[in-house]
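Structure, as structure tokens:
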Amino acid sequence: MSAHAPETDIDSDSDSHGDSGAHPLAREQAHLTASRAALRAMREDVEALDIRDVTANWVNAIVLQAQIDDRIKALADLAHTPLFFGRLNYLHAPGAELAEGAEGEQFYIGRRHVHDADGDPMVIDWRAPVSQPFYRASKNDPQDIALRRRFGYTGGELTAYEDEHLSDPAEAAAVSKLLQQEIERPRVGPMRDIVATIQPEQDEIVRSGLSGSVCVQGGPGTGKTAVGLHRVAYLLYAHRERLARTGTLVIGPNRSFLHYIEQVLPALGELEVKQATVEDLVARDGLEIRGTDAAATAVVKGDARMAQVLRRAVRSHVSMPAEPLMVVRGSRRWRVPAYELEEIVAELLDRDIRYGAARDALPQRIAHTVLVRMEQAGEAPDDRVQDAVARGAAVKAAVKAVWPAVEPAKLVLRLLSDAQFLAEHAEGVLSEEEQQLLLWAKPFRSVKSAKWSAADLVLIDEAADLVERTHSLGHVVLDEAQDLSPMQYRAVGRRCTTGSATVLGDLAQGTTPWATRSWDEALAHLGKPEAALEELTAGFRVPREVIAYASRLLPSISPGLAAVSSVRETPGSLVVTPTPDLTASVLDACRAALAHEGSTGLIAADARIPALAEALRAAELPYLAPGEETSAQARLTLVPASLAKGLEYDYVVLDEPAAIVSGEPDERTGLRRLYVCLTRAVSGLHVLHAAALPAALGPALP
């Protein structure tokens, strides 16, 4: 492998374009300039489109203009984001269907496709099949690649390149310095894409097909979140028309996390992917989360058995007809005996369709029975007569009595308020102690006055799906999935019953009392038991010393789970300091971290946040809240331990581990929370403590 900086003197190069006498780096810089100009021309062509004479009406004009506006946004040239980051030189044509006559050609690999005025590609989208060897080729498997070139950038300007002659047996395999520098580049602002650094095992997951669901178990720093987001981008590239119809959704654990990741897909030109939390999914107009549940109550409400209780409660509203039905049509009366009505109701119950769909079908079934009697009497009724009978007052009254409408929120309100109603439908499913945990101490009078908890809205969502089918999307990405309850998994699964899912998580980072015990169990609740389980164990972000220290907790929090093996050895990246004056030492550690380039996160137990915030203000150290974008003036973020999951900082100052552990309902959850907090650092971690460290962390560092 050969690396070249701007000042490197090179006499020859394997390029097949440009002035052969020019410096290779200059030729690459010229190609970057030309590519940016071509992208600008592509954008200007779209901006110049005149749609006044090509739309039939104003509605079509609005839709078409919105599509044009989206295209213009997707063609934006981000000044500090490299337009291409690599180059491939093939030995032979990569495939007639991909590049006819392209033998010996080179392809620049970038974030989006760029073509010149003649339509010839100047940059190939990283998702295209011809780009795949950039991520998968190796000395052992060169995949017909003669040269793989990586580019280094400084402030958006191309300043270096590095070559691998994969098909040359005389060149030994080596670690890419540019790749390592890109992985370790200091972080300022929200999460960015990783298209330049995707590893082979990550690429296999990214390019897996739309039809199958994938579950990714990945420890800290393995890139599972980035893999999930890039898989969305790949699927939109490979199946754009289908997903444009059915939709895609990214689900994260909280708003701070979603804000942190929200720029990744737009940077790749994908603007239509929606983002939400589970609370957003189950939100209903007029219902606010104003209550909280004790941990034991939340565990019961999140248990999958609640689905059976709700199903029983919904179906309990159906009653068998006790009286015959009399339908009057003109001068004739048509009688449907009770036993026939009972047969119709029983058939609909046996079909096990949605409660609302069955209720809608019932009047038509009754009307059809009346029409059969009319035909037997010599009449010739048609569909209009059947519809009229179905809409008649007698049939409506019968349906209302036999199959009344069910309002999901009112149903859950009654279950949580009425002990007898709950006992009737929870018999043999929930114990008496569990039922008592569910019941409100003081029942609320109405749906609007009730202090609903987050778990209650999930129950209402389940009841709503029993009544009317939930709309299904084409693909759903579920991140930090280990923290979901079985009922929350069901809520997410309803959003992709006819689509696929990408499930991302780490069993060791489960920090809820109902945290997932196994992915098989979680996938069953999600409705995707056939999903492929992939495990990422190579860490690229967290230094080896830091992840090794955090992994001391694994035997206590997740026995049997493989520890992450970091590829980055960074001497001095971990410091553990006992101190009698904790707050003063934390402030000093923050100042020291801020002396380095990049972002700093001060992570502490939630209960410690107010005191630390006051101390930072007194010390005139400006700080941000999680999710807020860092800047040159404010690079320090004060992070409650409960919001640290999924976030990353170049340097982390960790305040009082014992307080983080004791802030949770039980020790295992507390140690898991600590594991999360210990693994947020990309370059350096400084742990400060006045109290004794948790015993699970083992002996002090030498």
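The values are calculated or read from the model by the stated rules, or taken from the named source; none is laboratory data. Fair warning: this is a prediction, and the values are worked out from it, not measured in the lab. Positions of Cβ are generated from backbone atoms using ideal geometry, with glycine treated the same way; all protein chains shown enter the neighbour counts. To get the accessible areas, we keep the full protein, side chains included, count just its heavy atoms, and leave off ligands, DNA and RNA. Shrake-Rupley method; radii C 1.70, N 1.55, O 1.52, S 1.80 Å.
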Original post:
Normalised by the number of residues in the range 420-565, what is the relative contact order in percent for Cα pairs under 8 Å and 6+ residues apart?
Top reply: 17 percent
Original post:
With r defined as the distance between the Cβ atoms of residue 333 and residue 180 and R0 fixed at 56 Å, what FRET efficiency is calculated, to the nearest 0.05?
Top reply: 0.05
Original post:
Which of the residue pairs 177/274; 301/528; 274/448; 274/645; 177/645; 224/301 have a Cα-Cα distance greater than 32 Å in the structure shown?
Top reply: 177/274
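Fully extended, how many nm does the chain gain between residue 469 and residue 701 (0.36 nm per residue separation, minus their Cα-Cα distance)? Could you put the intermediate results ahead of the total?
Numbers: separation 232, 0.36 × 232 = 83.52 nm, distance 5.62 nm.
Difference between extended and current length: 77.9 nm.
Go ahead and run the numbers for FRET between residue 393 and residue 283, Cβ-Cβ distance against an R0 of 35 Å, rounding to 0.05. Each step should come with its number before you reach the end.
On the way: r = 37 Å, r/R0 = 1.07.
Once rounded, the FRET efficiency stands at 0.40.
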Original post:
Can you tell which of 130, 140, 153 lies farthest toward the positive end of the dipole of the range 116-177, using +1 and -1 charges on the Cβ of basic and acidic side chains (Lys, Arg; Asp, Glu)?
Top reply: 140
**OP:** Can you pull the one-decimal nm distance between simple spin-label points at residue 405 and residue 57, each 7 Å off the Cα toward Cβ?
**Re:** 3.0 nm
Subject >> All aspartates and glutamates inside 15 Å of residue 396 as judged from Cα atoms, apart from same-chain residues fewer than 8 positions distant >> reply: 323, 360, 387
Subject >> Highest to lowest packing among 272-284, 166-178, scored as the average C-beta count within 10 Å >> reply: 272-284, 166-178
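I'd like the projected area of the range 546-588, averaged over all directions, using the convex hull of its alpha carbons. Report it in nm² with one decimal. Provide the component values of the computation, followed by the final result.
On the way: hull surface 17.8 nm².
Computed as one quarter of the Cα hull surface, the answer is 4.4 nm².
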Original post:
Leaving out ligands, DNA and RNA but keeping every protein chain, what accessible area does residue 299 have, in Å² rounded to the nearest 10, with a 1.4 Å probe?
Top reply: 60 Å²
**OP:** Could you grab the relative contact order for the chain? Cα pairs under 8 Å, six or more apart, rounded to a whole percent.
**Re:** 13 percent
**OP:** First select every other residue whose beta carbon is under 14 angstrom from the beta carbon of residue 404; then total the charges, Lys and Arg +1, Asp and Glu -1.
**Re:** +4
Original post:
In nanometres, what is the gap between the two model label sites at residue 294 and residue 565, each 7 Å from Cα along Cα-to-Cβ?
Top reply: 4.7 nm
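Based on the mean of other beta carbon atoms within 10 Å per residue, what is the order of 489-496, 660-667, 528-535, most packed first? Walk me through the numbers before you get to the answer.
Values: 489-496: 22.6, 660-667: 18.6, 528-535: 15.2.
Per-residue mean Cβ counts within 10 Å order the peptides as 489-496, 660-667, 528-535.
Could you give the size of the charge dipole of the chain about its Cα centre, using +1 on the Cβ of each K and R and -1 on the Cβ of each D and E, expressed in debye and rounded to the nearest 20? Before the final figure, lay out each step's value.
Details: 73 positive and 98 negative charges, 588 e Å.
It works out to roughly 2820 debye.
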Original post:
Between residue 442 and residue 628, what length comes free when the chain is fully extended (0.36 nm per residue of separation minus the Cα-Cα distance, one decimal in nm)?
Top reply: 63.0 nm
**OP:** Report, to the nearest whole %, how much of the accessible area of the chain belongs to carbon and sulfur atoms, 1.4 Å probe, protein only.
**Re:** 51 percent
**OP:** Let me know the charge dipole size of the range 301-410 about its Cα centre in debye, to the nearest 20, where only the beta-carbon of Lys, Arg (+1) and Asp, Glu (-1) is charged.
**Re:** 480 debye
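If packing is taken as the mean number of other Cβ atoms within 10 Å per residue, what is the order of 617-626, 670-679, 596-605, 393-402, highest first? All intermediate terms of the calculation are to be shown ahead of the outcome.
Numbers: 617-626: 13.9, 670-679: 26.6, 596-605: 23.5, 393-402: 15.7.
Ranked by mean Cβ neighbours within 10 Å, highest first: 670-679, 596-605, 393-402, 617-626.
How fast does the chain diffuse by Stokes-Einstein, in µm²/s, taking the Kirkwood radius from C-alpha pairs at 25 °C and 0.890 mPa s? Display every interim value, and only then the final one.
Numbers: Rh = 29.3 Å.
Rounded to a whole number, D works out at 84 µm²/s.
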Original post:
So how strong a dipole does the range 168-282 carry about its Cα centre when Lys and Arg Cβ are +1 and Asp and Glu Cβ are -1, to the nearest 20 debye?
Top reply: 300 debye
**OP:** Calculate the length of the line joining the C-alpha centroid of the range 688-702 to that of the range 526-575, in whole Å.
**Re:** 20 Å
**OP:** Using a 1.4 Å probe and counting only protein heavy atoms, arrange 504, 179 so the residue with the most accessible area comes first.
**Re:** 179, 504
Subject >> More than 16 Å apart - percent of Cα-Cα pairs taken over the range 198-292 >> reply: 62 percent
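Full extension from residue 128 to residue 141: what is 0.36 nm times the residue separation minus their Cα-Cα distance, to one decimal in nm?
Values: separation 13, 0.36 × 13 = 4.68 nm, distance 1.94 nm.
Between residue 128 and residue 141, full extension yields an extra 2.7 nm.
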Original post:
How many nm is it between the label spots at residue 498 and residue 46, if each spot is 7 Å from the Cα in line with the beta carbon?
Top reply: 2.9 nm
**OP:** In whole angstrom, note down how far apart the Cα centers of the range 401-457 and the range 339-362 are.
**Re:** 25 Å
Original post:
How much mean residue ellipticity at 222 nm does the chain get from its helices, if each DSSP H run of length 4 or more adds -39500 (n - 2.57) and you divide by all residues, to the nearest 500 deg cm²/dmol?
Top reply: -11500 deg cm²/dmol
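In nm², what is the average projected area of the convex hull enclosing the Cα atoms of the range 321-398?
On the way: hull surface 20.6 nm².
With every direction weighted equally, the projected area is 5.2 nm².
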**OP:** Please give the per residue accessible area of the range 63-169, computed with a probe of 1.4 Å over protein heavy atoms only, in Å².
**Re:** 43 Å²
Original post:
Considering only 372, 642, 25, whose Cα is most displaced toward the positive end of the charge dipole of the chain, charges sitting on Cβ of Lys, Arg (+1) and Asp, Glu (-1)?
Top reply: 372
**OP:** Taking just the C-alpha trace of the range 408-480, give me its Rg and Dmax in Å.
**Re:** 14.4, 42
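What accessible area per residue, rounded to a whole number of Å², is obtained for the range 535-607 using a probe radius of 1.4 Å?
Numbers: 3110 Å² over 73 residues.
Per residue, the range 535-607 has 43 Å² of solvent-accessible surface.
With contacts defined as alpha carbon pairs under 8 Å and 6 or more residues apart, what's the relative contact order of the range 548-702 in percent?
Values: 256 pairs, mean separation 51.3, N = 155.
Result for the range 548-702 is 33 percent.
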